[in-house]
Amino acid sequence: MKKFLAMLLCLLLAAGLTTAALADEAETEMMPVLAQVPAGWENPCCWAWADDGTNAFAAWPGGAMEPLGESGWYYIYVPAFVQNVIISANEAAVQTAGDVLEAGREVWIAVADDLATTVSYEAQADVEIPEYVETYTVHAYVPLEWESVSVLAGESEKAMTGGEEGWFTADVPVTATSLVFSGNGGAAETEAVSVEPKEVWVTVYNDLTTEVVYEDPEAPDAPPVTVYAQVPADWAGPCCWAWSAPDGTNAFSAWPGEAMAEGEDGWYSIEVPGWVNSIIINANEGGVQTTDLSVETGKDVWISVADAENAAVAYEKPSGEAEPEPTPAESAEPAPAGDNGGGNTALWIVIAVVVIAVIAAAVVVSKKKKK
């Protein structure tokens, strides 16, 4: 009985330690990035990724940064794996060249008027950074006369940005399942809208009624297409990286993309969304790659890769192999009359094959006799 109780106590202690470790891990999953931007930079955003190509956000220009009180700094939380950051603003009309960061550390980036950046891992303002709160994205399409748009999510009211394409956007806490949209400083306001805590699109009509959907109503409606690729013999495990330019929407979540399946005819293939218009074929775990290849949307595409700098794009499967160029000897002296330029060689090859077959048959008969 004592042994049993001792074992049970050990198990409880182990479980407690595991829970504590998981809690610590959860606390370090996200890290804050703070930025101070030049005057005239409105609605700064952060684009972030890891060295292996894993992006923190689905599409450029990334996540909207929040003002850090009255300090003049903005902040955003990104996954702790992030090692590279670009700060942009004015709907990405201005941006930094990008900074390399130490993963998992709070970082402060000051952007000068000439776009030069200063990176520091020590606080640059005497202000408390709000704790990380998991969020989801809310999109709202509102009446044209609404010049400004806000969303009340729980107890937090946030100004929504964008609107150039008709949709305003904001990130709200996942605890918020009821949203109120208002325009022109509260002159117009909807009733509370019940939503699930995941990316959502809400249309606000002139009479202030609303419609809620959870798929982008303006997403390109294009059936998937197939990308085929032939690669050099030393390109192992070819993958496809695909995206839509210039908006930067990626077909895959992380570099080097998805592995391509090998076909019997030597062509590798993969299915991608029909809206893709830019492709990179890469191999050797992303160690070698083509340049950015522009392709037509909605069409199957065949890409013949000669090397990292040379790749041909076609929309029909190339027919056969290219005919070999004639050697200088063949070009300089025509074949004699009655000779097809290779007939004698072919004849000797046939004779050699017959001789080898006769010898092989003789060896087999000899072995059978010995048995």
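The values are calculated or read from the model by the stated rules, or taken from the named source; none is laboratory data. This structure is a prediction, so every number in the text was calculated from the model and none was measured. With ideal geometry, Cβ positions are generated from the backbone for all residues, glycine too; neighbour counts draw on all protein chains shown. Heads up: the accessible areas ignore ligands, DNA and RNA and are worked out on the full protein's heavy atoms, side chains in. Shrake-Rupley method; radii C 1.70, N 1.55, O 1.52, S 1.80 Å.
Does Ala125 satisfy being more than 23 Å from Gly69 (Cβ to Cβ), among the aliphatic types (A, V, I, L, M) and either in a loop (DSSP other than H, G, I, E, B) or at pLDDT 90 or above (or both)? Spelling it out, it is not the case that Ala125 is more than 23 Å from Gly69 (Cβ to Cβ), among the aliphatic types (A, V, I, L, M) and either in a loop (DSSP other than H, G, I, E, B) or at pLDDT 90 or above (or both). Hey, can you tell me all the residues within region 293-312 that are among the charged types (D, E, K, R), more than 24 Å from Pro223 (Cβ to Cβ) and not in a strand (DSSP E or B)? Answer for region 293-312, where residues must be among the charged types (D, E, K, R), more than 24 Å from Pro223 (Cβ to Cβ) and not in a strand (DSSP E or B): just Glu309.
In this structure, does Glu147 turn out to be outside any loop (DSSP other than H, G, I, E, B), over 28 Å from the mean Cα position of the chain (by Cα) and of a type in the set (D, E, K, R)? So Glu147 fails the test.
Being free of Cβ contacts under 8 Å to residues at least 60 places away in the same chain, in a loop (DSSP other than H, G, I, E, B) and buried (at least 18 other Cβ atoms within 10 Å of the Cβ) is a property that holds for Ala176. Counting only strands (runs of 3 or more DSSP E) that sit wholly inside region 203-291, those with at least 1 residues that are over 30 Å from Ser182 (Cα atoms) and open to solvent by 60 Å² or more (accessible area, probe 1.4 Å) are 225-230, 268-272.
Here is a yes/no grid of residues against (1) over 22 Å from Glu165 (Cβ atoms); (2) open to solvent by 30 Å² or more (accessible area, probe 1.4 Å); (3) acidic (Asp, Glu); (4) without any contact (Cβ under 8 Å) to a residue 24 or more places away in the chain:
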{"position": "Gln36", "(1), (2), (3), (4)": "yes, yes, no, no"}
{"position": "Ala48", "(1), (2), (3), (4)": "yes, no, no, no"}
{"position": "Pro61", "(1), (2), (3), (4)": "no, yes, no, no"}
{"position": "Gly72", "(1), (2), (3), (4)": "yes, yes, no, no"}
{"position": "Val82", "(1), (2), (3), (4)": "yes, no, no, no"}
{"position": "Ala93", "(1), (2), (3), (4)": "no, yes, no, yes"}
